[in-house]
Each structure stands twice: as C-alpha cells, then as structure tokens.
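Q: My structure is below; once you've seen it, I'll send some questions.
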Amino acid sequence: MIALLSLLIWLYLLLLHGWFWRSVPQLPPALPPEHPPVDIVVPARDEALTIGAAIGSLLAQDYPGPFRVILVDDNSTDGTAALGQAAAGAGPMASRLTVISLQSKPAGWSGKLWAMSRGIAASEASVLLLTDADIVHDPRHLSSLVAKLERDRLALVSEMVRLNCASLAERALVPAFVYFFQMLYPFSRVNDPRSRVAAAAGGTVLIRREVLERIGGIDAIKGSLIDDVALAKSVKKCGPIFLGHSGLASSIRAYPNFGDIWHMISRTAFTQLRHSVVLLALTLLGLSTVWLVPVAAAILGSGWLRAWGLIAYGLAALSYLPTLTRYGRNRLWALLLPLIALFYMAATIGSALDHWRGRGARWKSRAYG
C-alpha cells in the first residue's frame, strides 16, 4: 500500500502540482515601455572573490533610464568595499556607484537584511533591484526585469539565476537544489494571483518602493534567514508577483566540495521547518515515501509491488530531465535522484542537530542563534 501511495503521489506531482518540473518560465531579453529610476542595492560581507565582477556587470547595464548601484559593505575584513570601488574605475561609471560601510548590526536583524535596509534608506528611486554580491549580470538584464515589471503591472519580479555548476559536488547537487525549490514553490502557482503560494529567489528581486513601504519595509522581515520567501509572501498580499528562471544572470559563488553544499542546506533547513520536531518527522516521512519507497519496492518487491515502484521511480527520473537540460547535465543523473534526495534529507537532519546542540545558523562568521 505504501508503494501504491508513492505512485499516486508521483502522479499528483506530475499532473496537478503546478507543472513544477517543466523548469519554466524564463524571461527573454526585452526593452521596458517605461524607464523609471532604479537603485540597485548590493549587500556584501567578505565577498572579495566575486564583488569586482558583480559590481562591474551592474555598472555596465544598458538600461535607458537613470540607475545607480549602492554597495553596502557589512563590516568586511577582506577589502570588499575597496574592490567594489575599484571595479567602477575612474570613468563615467564611477559616478553611478555609492559605497556604504557598516561597522555593526543591531540585535534582531540578519546581517544581509540590515545591510539591505541601509542601502534602501540611501535610495530615492521608485524601483529597487536587490541582488547579491556573487551574481554577474548580462548588460540587458535590468532592462528585461523592468520590462516585465511595467508591462504586467507587477509588484515584484524575481529570478532564479543560473547557479555555478563546475565541480563534481555542484554537478551532482546544484541542479537538484533548483529542482527541489521548484517542487516546494511551483513557479506557476507563485505567478498565479489566485494562489497563496509565494516565493522569490534572493539573488534577483526587483520591487516597487511603494509596495515595499506598504508592507512595512525590510524591517517587517528583519530577522528572517529565508528572507526572499518571507519578502515574497508579504508582497503578494499587495499585488501580483513573478518568479522565473534567468538566462541573463549567473552566480559565480563556488561550492567546490560536498561539505560546502551540506553547509548551505543545513544553514536554513530546520529554520524552514520552524524548528518543529513534528514538521521534521513529517517531512522525513514524506520524503522517504516519495524518494526511497519506489527504489525499495523496485529492488525488493515482486509483481505489482515491483511494477508500482518502477513506475514511480521512472516518473521521478523523467520529472528531473528538464532541470538537467537547463544545466547541461547528462540525463543519467536522473537515475541518482533518490540518492541525491537522501543527501538533502541528511543535511536537514544535520540542521536540526545543530539547532539542538545550540550551534544555530552560521554564515560569514556570524551566528544567528
């Protein structure tokens, strides 16, 4: 019966769960019908390896309207601010860059959101682009984001940028990260104003200032570790939002080892479950039914039991193919998806253990309790 339940779940996921597996939509390059002033806020802490390329790509945007870049250096120790300033050079682009240096963080704030709030406070533009210090943008990117915002009269536009996928660990686990995010927050439901599902990808968030002020500003989510989703949930109550994939922006942050990706997952996994033992148990039970039962039934079962397991396993593998195609990976990785899911499950358990041991979330040498 559990094997049959797993098969029924997969039929639901493929046919009735917002077509999450299709790995769409993706915004095409476009010119906006209107050109509102845009301020680009880049919070950064110890980003010496990536900040130059990120700032350089933002200053090189071909947006026809006025824009500037506000780099907020959050008490870095590696010269992030100086490297960001150097990326602007001494030419005309330098006048578009403002650098703000922070020395402390108030209690109750996550570091990224505090830096973001200081950048927003220094801004006067009617539209804000919130982006990360490890993302490189095609010159057409800002225009394409504003075109989507203005043409569809949206409150927020966000994109899942292309993640780095070079090392063995990244090739094995990064496409699955995108796939699981799509499963958790089907993009078609996020983009449906009638649906309560809301999410954003923090690397690229374009938002109207009036909407941000209406929800209480960044202050309203100041303690959130999963800040992009928290922001999207608040904004969607005020107006329609869009979440898609980006062909015009890429993250250059490297995760060379499996341990690096484990840390990325475990940092917020238990937070996503609201530190609830009940939710953790239900999540592990559900993930086991979805990913492990089909494999066990296919290997250990016989007759109808084996058939149900094989069909469910096959449907799971097929659903992963569009994401593998997006990342240019061999389709045989789809056969390892249950093993990859097991890694994510283990990292979730690790996140809970860290919380119970009092270690809490930690990022950029900061502990968040």
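Q: Under a crude label model (7 Å from the Cα following the beta-carbon direction), how far is Ala86 from Val277 in nanometres?
A: 5.2 nm
Q: Continuing with the same structure: Work out how much length Thr77 to Arg357 would gain on full extension: take 0.36 nm times their residue separation and subtract the Cα-Cα distance, in nm to one decimal.
A: 97.9 nm
Q: In the range 162-177, whose amide N lies under 18 Å from the spot 7 Å out along Cα-to-Cβ of Asn330? List them in ranges.
A: Within reach of a label on Asn330: 165-176.
Q: A further question follows. Using a ≥ b ≥ c from the Cα gyration tensor of the range 60-178 (square roots of the eigenvalues), is it rounded, prolate or oblate, where a/c under 1.5 gives rounded and otherwise the larger of a/b and b/c decides, a/b for prolate?
A: rounded
Q: I've got another one for you. Add -39500 (n - 2.57) for each DSSP H run of 4 or more in the chain, then divide by its residues: what number comes out at 222 nm, to the nearest 500 deg cm²/dmol?
A: After summing the helix terms and dividing by the residues of the chain, the value is -14000 deg cm²/dmol.
Q: Just the C-alpha atoms of the range 250-369: what Rg/Rh do they give, with Rh taken as the Kirkwood radius?
A: My calculation of the ratio gives 1.04.
Q: Here is a follow-up. Dimensions of the range 57-112 along principal axes (Cα, Å, largest first)?
A: Cα extents, longest axis first: 40, 23, 15 Å.
Q: Over all alpha-carbon pairs in the range 83-142, figure out the percentage whose distance exceeds 12 Å.
A: 77 percent
Q: Further question: Which FRET efficiency, nearest 0.05, do Leu285 and Ser104 yield, Cβ-Cβ r, R0 51 Å?
A: Computed FRET efficiency for Leu285 and Ser104 comes out at 0.75.
Q: Could I ask something else about it? Would you mind calculating the gained length between Ala94 and Leu14 on full extension (0.36 nm times residue separation, minus the Cα-Cα distance), in nm to one decimal?
A: 23.9 nm
Q: Oh, and also: Starting from the alpha-carbon convex hull of the range 24-256, give the projected area averaged over all orientations, in nm².
A: So the Cα hull casts an average projection of 11.9 nm².
Q: Taking H placed 1.01 Å from N in the peptide plane, check which residues at least 5 places from Phe67 or on another chain put their amide H under 5 Å from its amide H.
A: Answer set, sorted by chain and number: Val38.
Q: Please report how far the C-alpha centroid of the range 186-252 lies from that of the range 15-67, rounded to the nearest whole angstrom.
A: 14 Å
Q: Multiply the residue separation of Val24 and Leu318 by 0.36 nm, subtract the distance between their alpha-carbon atoms, and state the gained length in nm to one decimal.
A: Taking 0.36 nm per residue and subtracting the Cα distance, the gain is 104.3 nm.
No value in this document is a laboratory result; all are computed from the given coordinates. Owing to the predicted nature of the structure, the values given are computational and were not obtained by experimental measurement. Glycine gets a Cβ as well: all are built from the backbone with ideal geometry, and neighbour counts include every protein chain shown.
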